[in-house]
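Values quoted throughout were computed directly from the atomic coordinates according to the rules given, and no laboratory measurement underlies them. This structure is a prediction, so every number in the text was calculated from the model and none was measured. Here the Cβ positions follow ideal geometry from the backbone for every residue, glycine too, while neighbour counts run over all protein chains shown.
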Amino acid sequence: MKLSNMLISTLREVPAEAEIPSHQLMLRAGMMRKMASGVYNFMPSGIRVLKKIENIVREEMDNTGAQEFLASALLPAELWMESGRWEAMGEEMFRLKDRNDRDFCLGPTHEEVFTDIARNEIKSYKQLPLNLYQIQTKYRDERRPRFGVMRSREFIMKDAYSFDKDQNGLDVSYMKMYEAYTNIFKKCSLDCSAVEADSGAMGGSGSAEFMVKSEVGEDEVVFCSCCNYAANMEKAPAISEYQAEETYLELKKTHTPEVRSVEELVKFFNATEKKFAKTLIYKADGKVIAVMVRGDRAVNEIKVINAIGGAIEFEMANVETVKNATSAEVGFAGPVGLKADILLVDEEVSKMYNFIIGANETGFHYENVNYGRDFTGKIGDFRNVTEGDKCPKCQGTLTIARGVEVGHIFKLGTKYSASMGATFIDENGEDKPLEMGCYGIGINRTMAAIIEQHHDENGITWPLAVAPYQAIVVPVVTKDEEQMRVAEELYCKLKQIGVEVLMDDRNERVGVKFKDSDLIGIPMRITVGKKISEGKVEFKLRTNSENEIISIENVVDRVKSEFAKNNLSL
């Protein structure tokens, strides 16, 4: 393709709306353009990258024996009502009615659709195992679309669904997907780790996320410095830090005027944060939920939601709710005399002695509080892991890094098949529910994650396997007939051997051409200039700072060598 014929417009300035490198560079390099909040049009160079990622995904999925399928994005409400998720999906679901007043939604995910296909098409164990996948656009009305395509309202996803006759079969299907995902992200040149994860609204018995380490990641990932343990913060179990046993002291109410926060209490009582237990109040589907954690800990809201059996609406309680529950101003909440539907007590708090809590009275706190004597509640793990905590697997030290989720695999079990009647006849003639797995990859997000890991101050540094074009031929002076002749010959030779090559035939200064080439991220650049009189051109890799001077006759072989180095064929 010749640049003079391409629809491409690069930007020199960073768009004000773009906060992270991938968002900035996708806009600046002309990969995409914003249409509305969280909604983007992909331009010709951007769609080429998306298609390459899709093809890598497709190849690995096909290698596992999975079969490609395409479901509708317009889904009838009846399917979602069968599974119980029509209400559970909440406000993220785009809902609409047809002219006959029937309810539909734009598909945010497709468990129900694939389960419906399975119950209609699978009759016998002889048809199992089966894995169907699709690459399709999903729609979610995100409360706060941000970071470009990292969290958007419309995105492309590869979702696959496996169907097996028993748990052992599901385990095999799950591991096939685990290995396929590992290969996919390796081919995309992503530094990616599989971590334990919470199944969330998808349900099921187990799941793993494929996380790309990135400073701009929305997720926190917990890693052990001694073993291979890794988990999403939402899932990571917190190992309690037990305090030395103490003799119970007499409960004491202390006047603490205008002392509300843990930091203020630490100064007031001249004690460490470990001597306090804070009580946080939440609203979950109309119920008041109180959660207690040690003063220096943070509540893990996903663990809380799982502990109460799930919630469609879950948020911090407003001031009015707090006052009704505590009979006090905000800042003095505690478990003694609290009016809450559920009180959750982090295990660490239940093992503390003679600690300090809010007294549910404005301006007062209790000292020498002890679980069991002064209050009770449901004990469990309700806090976030912190840096330096012990690993649940080997007792080593945990570290925390930020990450971007690019893939997620779930063992759904019979969650959907049982509720929707997706059954098969087994070897003994008995009717059994199908064991299901669900496996998703965000195509747009993978593209953004690649940029996050592959960019520099000049632009994107695409890996060869996913670059929109693999090489670019740049004549320095387009009015120089000899330079244009050599550039055209090299361009045609590279095209003939299967290289995706650009030719920058624009009547621009060579510095502008170089800047655009670097910004877009073309892996190889061949510059045709004055040295053609010596039979030579400049060859430069996007990731190298130095140019190579090579003979015109060696250009094709030099390009081929880069393909071989990257295990890519021509």
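Given their separation in residues at 0.36 nm each and the Cα-Cα distance between them, residue 553 and residue 538 gain 4.2 nm when the chain is fully extended. With the largest listed first and rounded to whole Å, the semi-axes of the equivalent ellipsoid of the range 1-51 from the Cα gyration tensor are 19, 13, 9.
Average the reciprocal distances over every distinct pair of alpha-carbons in the range 153-273, invert the result, and give the Kirkwood radius in Å. One decimal place: 19.4 Å for the Kirkwood radius. Given 235/287; 323/351; 138/432; 97/411; 165/393; 287/339, which pairs have Cα atoms separated by over 21 Å? Result: 235/287; 323/351; 138/432; 97/411; 165/393 exceed 21 Å.
Among the helices of the chain, those built from whole DSSP H runs whose Cα atoms reach 20 Å or more along their own axis and whose mean Kyte-Doolittle hydropathy is at least -1.0 are 44-63, 167-187. Taking the three principal axes of the alpha carbon atoms in the range 469-565, the coordinate ranges are 35, 28, 24 Å, sorted in descending order. Rounded to the nearest Å, what's the spacing between the alpha carbon centres of the range 534-570 and the range 131-161? Just the number, please. Cα centroid of the range 534-570 versus Cα centroid of the range 131-161: 38 Å apart.
Highest mean first, the peptides 58-70, 381-393, 282-294 sorted by other C-beta atoms within 10 Å per residue fall in the order 282-294, 381-393, 58-70. Rounded to 0.05, the FRET efficiency of the residue 226 and residue 545 pair, given R0 = 41 Å and the Cβ-Cβ distance, is 0.60. Tell me the Kirkwood hydrodynamic radius of the range 408-485 in angstroms, computed as one over the mean inverse distance between distinct C-alpha pairs. Evaluated over the range 408-485, this radius sits at 18.1 Å. Projected onto planes of every orientation and averaged, the convex hull of the alpha-carbon atoms in the range 399-545 covers 16.1 nm².
How many percent of the alpha carbon pairs in the chain exceed a separation of 31 Å? In whole percent, the share of Cα-Cα pairs in the chain beyond 31 Å is 60. Eigenvalues of the alpha-carbon gyration tensor of the range 1-111, scaled by 5 and square-rooted, set the equivalent ellipsoid semi-axes at 34, 22, 14 angstrom, largest first. Take 396-408, 327-339 and order them by the average number of nearby Cβ atoms within 10 Å per residue, most first; the result is 396-408, 327-339. If R0 equals 30 Å, the separation of the Cβ atoms of residue 329 and residue 351 corresponds to a calculated FRET efficiency of about 0.50. For a paramagnetic label modelled on residue 378 (point 7 Å from Cα along Cα→Cβ), amide N atoms under 17 Å away belong, within the range 273-302, to 280-293, 299-302. Rounded to whole Å, the principal axis extents of the Cα atoms in the range 252-380 read 41, 30, 24, largest first. Residues of the range 475-491 with amide nitrogen under 19 Å from the 7 Å Cα-to-Cβ point of residue 508? Taking a point 7 Å out along Cα→Cβ of residue 508, the residues of the range 475-491 whose backbone N falls under 19 Å are 475-480, 484, 487-488, 491. What number, rounded to the nearest 500 deg cm²/dmol, is the helix-based mean residue ellipticity at 222 nm of the chain, given -39500 (n - 2.57) per DSSP H run of at least four residues and division by all its residues? Mean residue ellipticity at 222 nm (helix-derived): -8000 deg cm²/dmol.
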